[in-house]
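**Q** The structure that follows is given in the form of structure tokens.
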Amino acid sequence: LTYANLADAAQRIIDQMQMTADIREYVGVPATFSFGLARYRAISAVGGQAYLPPRGFDPLELARMLNAGDVNALSAVPTLLRILLSSPERLRWMEIGSQHMTAEEKRRVTELFPNALIVQHYGLTEASRSTFLRLSDAPMDLLGSVGKPVGHTEIELSDDKRIRIRGPHVARTRIDAEGLHSLLDADGWLQTNDLGHMREGHLFFDGRADNLINCGGMKLVPDQ
């Protein structure tokens, strides 16, 4: 990932979430993963404050910090959001990762945090934040989607319904012991193994084209 890739993703996060220097975020996702590291970049860029939980996400710690006014924002994956938190009215910003959530679950999250600007993203480490969905603005029939591309990001589907991504945030190469290898085709598209469909410009995630399992951010092959 180049500096330009990272900067593009951070700026679109800031724009979509209308982030200001007032943000004080409990970063409930690991800083060593793309999701968490991008939160620290975006928060730093607007002059806000980010809290790194010493033991990882702790709902009781978050509840105490919300009650005390120490934090007013949260980044978390859907699994963590299924834990009922206290003092939801103090939360002003939230970004949700791209694990599957039903439209009904998203509706309940907006009810739980009525004053927060909540966005969900879809993307990969090599193409972070490829789409955004602002939950409070989405009609119910589009709430099940993962949003639409913003900025210079482009999304299309291959003939077999695999999601393809192109834009200034996409990494160009991968590295291994033999050197650099291109990630993109001749037209600059990154081919994913995620399946999807489009409706009204919004992307709906339909699962994986392979059997790869995402468990806490780690990719697992069933045969192993």
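**Q** Tell me, yes or no, whether region 173-188 has at least one residue that is touching a residue at least 60 places away in the same chain (Cβ under 8 Å) and either out of contact with any helix residue (DSSP H, G or I) (no Cβ under 7 Å at 6 or more places or on another chain) or exposed (fewer than 13 other Cβ atoms within 10 Å of the Cβ) (or both).
**A** no
**Q** Search region 157-168 for residues that are touching a residue at least 60 places away in the same chain (Cβ under 8 Å) and open to solvent by less than 40 Å² (accessible area, probe 1.4 Å) and pair each with any residue that is part of a loop (DSSP other than H, G, I, E, B) and not charged (D, E, K, R) when their beta-carbon atoms are under 7 Å apart and the residues are at least 6 apart or on different chains.
**A** G167/H152; G167/T153
**Q** Sticking with this one: Residue by residue through region 25-76, note down the ones that are closer than 19 Å to Y3 by Cα and either free of Cβ contacts under 8 Å to residues at least 12 places away in the same chain or in a strand (DSSP E or B) (or both).
**A** T32, L37, S44
**Q** Specify the residue that is modelled with the lowest pLDDT; the eligible residues are those in region 148-194 that are assigned to a strand (DSSP E or B) and under 30 Å from E111 (Cβ atoms).
**A** D194
**Q** Only one of these conditions is not met by S145: (1) surrounded by fewer than 19 Cβ atoms within 10 Å (Cβ to Cβ); (2) in a loop (DSSP other than H, G, I, E, B); (3) not charged (D, E, K, R). Which number is it?
**A** For S145, the exception is condition (1).
**Q** Please verify whether region 205-212 includes one or more residues that are hydrophobic (A, V, I, L, M, F, W, C), open to solvent by 70 Å² or more (accessible area, probe 1.4 Å) and modelled with pLDDT under 95.
**A** no
**Q** Considering only residues that are modelled with pLDDT under 95, hydrophobic (A, V, I, L, M, F, W, C) and either open to solvent by 30 Å² or more (accessible area, probe 1.4 Å) or in contact with a Lys or Arg (Cβ under 7 Å, 6 or more places away or on another chain) (or both), which ones fall in region 39-64?
**A** If the condition is that a residue be modelled with pLDDT under 95, hydrophobic (A, V, I, L, M, F, W, C) and either open to solvent by 30 Å² or more (accessible area, probe 1.4 Å) or in contact with a Lys or Arg (Cβ under 7 Å, 6 or more places away or on another chain) (or both), then F57, L60 are the ones that fit.
**Q** Right, next: Given the criterion surrounded by 14 or more Cβ atoms within 10 Å (Cβ to Cβ) and under 18 Å from L133 (Cβ atoms), identify the matching residue among E25, E95.
**A** On inspection, the qualifying residue turns out to be E95.
The values are calculated or read from the model by the stated rules, or taken from the named source; none is laboratory data. Being a predicted model, the structure only gives us computed values, none of them experimental. Reconstructed Cβ throughout: ideal geometry from the backbone, glycine too, with neighbour counts over all protein chains shown. Surface accessibility is based on the protein's heavy atoms, side chains included, excluding ligands, DNA and RNA. Shrake-Rupley method; radii C 1.70, N 1.55, O 1.52, S 1.80 Å.
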